[in-house]
Amino acid sequence: MTARTTTTEQVLEFHPAAGFRKRAGAVVAHPQLRESFRGAMDFLMAKRAAQFPDAEELESLRVLGERIRQYNLARLPDLLVQLEETLTRNGVRVHWASTPQEATGIILDICRTHGARHMVKGKSMVSEEIELNHAAQAAGVDALESDMGEYIVQLAGEKPSHIIMPAIHKTREEIARLFAERIPGVDYTDSVDALIQIGRRVLRQKFLEADIGLSGVNFAVAETGTLCLVENEGNGRMCTTVPPVHIAVTGIEKVVERLDHVPPLYTLLTRSATGQNISTYFNMISGPRRAGEKDGPTEVHLVLLDNGRTQAYADEQLRATLQCIRCGACMNHCPVYARIGGHAYGTTYPGPIGKIVSPHLLGMEAAGGLTTASSLCGACGEVCPVRIPIPELLIRLREEQFSAPHPHPALRGQGAGYSAWEAAIWRWWARVYGSPRAYRAVSWLTSRLRALTPRRQGGWTRAREPIVPAPRRLRDLLQAREATGQQPTEKGKNASLNSHSNPTGSSGR
């Protein structure tokens, strides 16, 4: 499966799991990129730590956030029905989409109904997930990102490399050159204030020209029919109030039952994501413009997307994946992400959360291999504000990836990494180690045939010397000494043991 992103001039393709090692290697070999990522992650970790000086308060908030998310997920089917009923009473039109194609089809149908040619977008990872920009371009609709980071990566023809800070991989000088090359009438300047003002001038005019405004949703409140949107730049408010039609798009898991469930999640989100006690803007949208109101859209639509989420929901353990509030803290603390960034993963959601989300969205064939791109250090689970057990989920997904295909799999593409030959080798290995007689015979044979040991041993020798059996087994050495009546000294014992267990096989060469 191939993910694609577009601008008006180029199409950039990503291949989710295939090529991950090559892309990661390219970043590791790029000192400037590594330095940029390391500095950015250290900065974000320090900001988050400053927002949670009291460890007990942090843990109590995390437990509360986890319970709120689990409570609402347990009632998700009923809450979605309630949300639709409440929003419909409020004048919002609700649409359901099982796949990205259905979601983009619904959005483009709304555009065609209104003869729309210009769409301005607030930050929305779901719109990235469904490749809306590419579909809109093909349908003749100009879709412009209004979040500054998203605008920068759209100009560059790239995907976001972080779910909170899309252009975190770009240096100031790179952005300056990009603006000078791609925005008419703009001269090169690496002044951050000047670059922000350039972006604002371009985007403000686009808000006035847009026929459609599109946004994401952070929380959807079933009780009141309220769409909550967290942001810092004001572009989200402009997208949802200035154009005559507002389309919100979100995953089905974002619904909460009551309005009082939002504040604890909100404080966890802002403090975990950007180290802010509170965001600059918190938008609450409960319907279109009403009689007597001076601003706001005349139509509001909500597109609720499944795209593999019900698959995760159906499994009691994997359901925890849907607790995510998209703060990105797991990425900021991940030693793998900090060294390779988001583009190496090749998926909409990179880092630890992407490795457990993407297999549901893309299937195990496309994204299951990413689950092994982890040291399982546990940092992601320790900082997750809603206590998603990411390391445990990664282990579960690895098992699903490499286990024998099941007639009724829990995940689409389960068993994609299964190898009958490899499974046979491990079965043979288990039998050998389960039988003392077989183990003695095999160890005797391998020590005598050590010269035939292959120099390449799969993943092991990508970064290590090949394993070569010792010329004589420890059993043989001890038996020889016993036969001669020699009692080895403690030093001699250690030397024999070290020689026999040397994994490089350098002894006896």
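The values are calculated or read from the model by the stated rules, or taken from the named source; none is laboratory data. Since we're looking at a predicted model, the values are computed, not measured. Backbone-built Cβ (ideal geometry, glycine too); neighbour counts: all protein chains shown.
Determine if segment 389-396 includes at least one residue that is farther than 25 Å from residue 58 by Cα and not acidic (Asp, Glu). Explain how you work it out, then say what you get.
Narrowing segment 389-396 to residues farther than 25 Å from residue 58 by Cα: 395-396.
Remaining after also requiring not acidic (Asp, Glu): 395-396.
Yes, that holds for at least one residue.
Exactly one of (1) buried (at least 23 other Cβ atoms within 10 Å of the Cβ); (2) of a type in the set (Val, Ile, Thr); (3) assigned to a loop (DSSP other than H, G, I, E, B) is unmet by residue 278. Its number?
(1)
Have a look at 4, 67, 89, 38 and point out the one that is under 25 Å from the mean Cα position of the chain (by Cα), modelled with pLDDT of 95 or more and of a type outside the set (A, V, I, L, M).
Working: 4 fails: modelled with pLDDT of 95 or more; 89 fails: under 25 Å from the mean Cα position of the chain (by Cα); 38 fails: modelled with pLDDT of 95 or more.
Answer to the check: 67.
How many residues are buried (at least 19 other Cβ atoms within 10 Å of the Cβ) and within 15 Å of residue 62 (Cβ to Cβ) when one looks only at segment 366-386? Walk me through it before giving the result.
Our first condition is that a residue be buried (at least 19 other Cβ atoms within 10 Å of the Cβ); within segment 366-386, this holds for 366-371, 373-374, 379-381, 383-386.
After this cut, where a residue has to be within 15 Å of residue 62 (Cβ to Cβ) as well, the list is 379-381, 383-386.
Residues in segment 366-386 being buried (at least 19 other Cβ atoms within 10 Å of the Cβ) and within 15 Å of residue 62 (Cβ to Cβ): 7 in total.
Restricting attention to segment 371-397, report how many residues are among the polar types (S, T, N, Q), more than 9 Å from residue 356 (Cβ to Cβ) and not in a loop (DSSP other than H, G, I, E, B). Break it down into steps so the answer makes sense when it comes.
Initial filter on segment 371-397 (among the polar types (S, T, N, Q)): 371-372, 374-375.
From the residues that got through so far, the ones that are more than 9 Å from residue 356 (Cβ to Cβ) too are 372, 374-375.
Filter once more, so that each one left must be not in a loop (DSSP other than H, G, I, E, B): 372.
Of the residues in segment 371-397, 1 are among the polar types (S, T, N, Q), more than 9 Å from residue 356 (Cβ to Cβ) and not in a loop (DSSP other than H, G, I, E, B).
Right, residue 159: in contact (Cβ under 8 Å) with a residue 60 or more places away in the chain, part of a loop (DSSP other than H, G, I, E, B) and within 21 Å of residue 273 (Cβ to Cβ) or not? Give the derivation first.
Details: in contact (Cβ under 8 Å) with a residue 60 or more places away in the chain: yes; part of a loop (DSSP other than H, G, I, E, B): yes; within 21 Å of residue 273 (Cβ to Cβ): yes.
For residue 159, the condition - in contact (Cβ under 8 Å) with a residue 60 or more places away in the chain, part of a loop (DSSP other than H, G, I, E, B) and within 21 Å of residue 273 (Cβ to Cβ) - is met.
Which members of segment 309-321 meet the condition of being closer than 12 Å to residue 251 by Cα and either without any contact (Cβ under 8 Å) to a residue 24 or more places away in the chain or touching a Gly at 6+ places or on another chain (Cβ under 8 Å) (or both)?
Answer for segment 309-321, where residues must be closer than 12 Å to residue 251 by Cα and either without any contact (Cβ under 8 Å) to a residue 24 or more places away in the chain or touching a Gly at 6+ places or on another chain (Cβ under 8 Å) (or both): just 309.
Looking at segment 263-270, can you tell me whether even one residue there is touching a helix residue (DSSP H, G or I) at 6+ places or on another chain (Cβ under 7 Å) and not in a helix (DSSP H, G or I)?
No, segment 263-270 contains no residue that is touching a helix residue (DSSP H, G or I) at 6+ places or on another chain (Cβ under 7 Å) and not in a helix (DSSP H, G or I).
Please work out which one of (1) in contact with a Pro (Cβ under 8 Å, 6 or more places away or on another chain); (2) part of a helix (DSSP H, G or I) is the condition residue 455 fails and give its number.
Status for residue 455: all satisfied but (2).
Go through the residues of segment 289-302 one by one and say whether even a single one is touching a Leu at 6+ places or on another chain (Cβ under 8 Å) and in a loop (DSSP other than H, G, I, E, B).
no
Within segment 237-250, count every residue that is assigned to a helix (DSSP H, G or I) and more than 20 Å from residue 94 (Cα to Cα).
First, the residues of segment 237-250 that are assigned to a helix (DSSP H, G or I): 237-241.
Filter once more, keeping what is more than 20 Å from residue 94 (Cα to Cα): 237-238.
Qualifying residue count for the region: 2.
Can you name every one of the strands (runs of 3 or more DSSP E) wholly within segment 79-156 that holds 1 or more residues which are farther than 27 Å from residue 195 by Cα? Talk me through it step by step, then tell me what you get.
On the way: elements: 93-97, 118-121, 142-145.
Once the strands (runs of 3 or more DSSP E) in segment 79-156 are filtered for at least 1 residues that are farther than 27 Å from residue 195 by Cα, what remains is 93-97.
Name every residue in segment 316-342 that is surrounded by fewer than 22 Cβ atoms within 10 Å (Cβ to Cβ) and assigned to a loop (DSSP other than H, G, I, E, B), in order of residue number. Walk me through how you get there before you give the answer.
First pass over segment 316-342, keeping only residues surrounded by fewer than 22 Cβ atoms within 10 Å (Cβ to Cβ): 316-319, 323, 326, 335-336, 338-339.
If the condition is that a residue be surrounded by fewer than 22 Cβ atoms within 10 Å (Cβ to Cβ) and assigned to a loop (DSSP other than H, G, I, E, B), then 316, 317, 326, 335, 336 are the ones that fit.
Kindly indicate which of 179, 207 is within 24 Å of residue 300 (Cβ to Cβ), among the aromatic types (Phe, Trp, Tyr), part of a helix (DSSP H, G or I) and in the same structural domain as residue 103 (by TED's automatic domain parsing). Show your work before the answer.
Details: 179 fails: within 24 Å of residue 300 (Cβ to Cβ).
Only one candidate passes the filter, namely 207.
I'd like the residue in segment 44-99 that is buried (at least 19 other Cβ atoms within 10 Å of the Cβ) and of a type in the set (S, T, N, Q) and, out of all such residues, is farthest from residue 327 (Cα to Cα).
86
Looking only at segment 399-424, which residues are of a type in the set (A, V, I, L, M, F, W, C) and either surrounded by 11 or more Cβ atoms within 10 Å (Cβ to Cβ) or under 27 Å from the mean Cα position of the chain (by Cα) (or both)?
In the first step, residues of segment 399-424 are kept if they are of a type in the set (A, V, I, L, M, F, W, C); the result is 402, 404, 410-411, 416, 420-421, 423-424.
Those that are of a type in the set (A, V, I, L, M, F, W, C) and either surrounded by 11 or more Cβ atoms within 10 Å (Cβ to Cβ) or under 27 Å from the mean Cα position of the chain (by Cα) (or both): 402, 404, 410, 411, 416, 423.
Six or more apart or on different chains, Cβ under 6 Å: which pairs go from a residue in segment 377-391 that's within 18 Å of residue 261 (Cβ to Cβ) to one that's modelled with pLDDT of 95 or more and among the polar types (S, T, N, Q)? Could you list them?
Short answer, once both residue conditions are applied: 385/272; 386/323; 388/323.
How do the pairs read when you match residues in segment 45-62 that are farther than 11 Å from residue 268 by Cα with residues anywhere that are in a helix (DSSP H, G or I) and among the basic types (Lys, Arg), using Cβ under 9 Å and keeping only pairs 6 or more apart or on different chains?
If the second residue must be in a helix (DSSP H, G or I) and among the basic types (Lys, Arg), the pairs left are 47/271.
Determine if segment 438-448 includes at least one residue that is touching a helix residue (DSSP H, G or I) at 6+ places or on another chain (Cβ under 6 Å) and under 30 Å from residue 321 (Cα atoms). Let's see the steps before the verdict.
The first filter runs over segment 438-448 and keeps only residues touching a helix residue (DSSP H, G or I) at 6+ places or on another chain (Cβ under 6 Å), leaving 438-439, 442.
Narrowing further to those that are under 30 Å from residue 321 (Cα atoms): none.
Checked against the condition, which is being touching a helix residue (DSSP H, G or I) at 6+ places or on another chain (Cβ under 6 Å) and under 30 Å from residue 321 (Cα atoms), segment 438-448 yields no hits at all.
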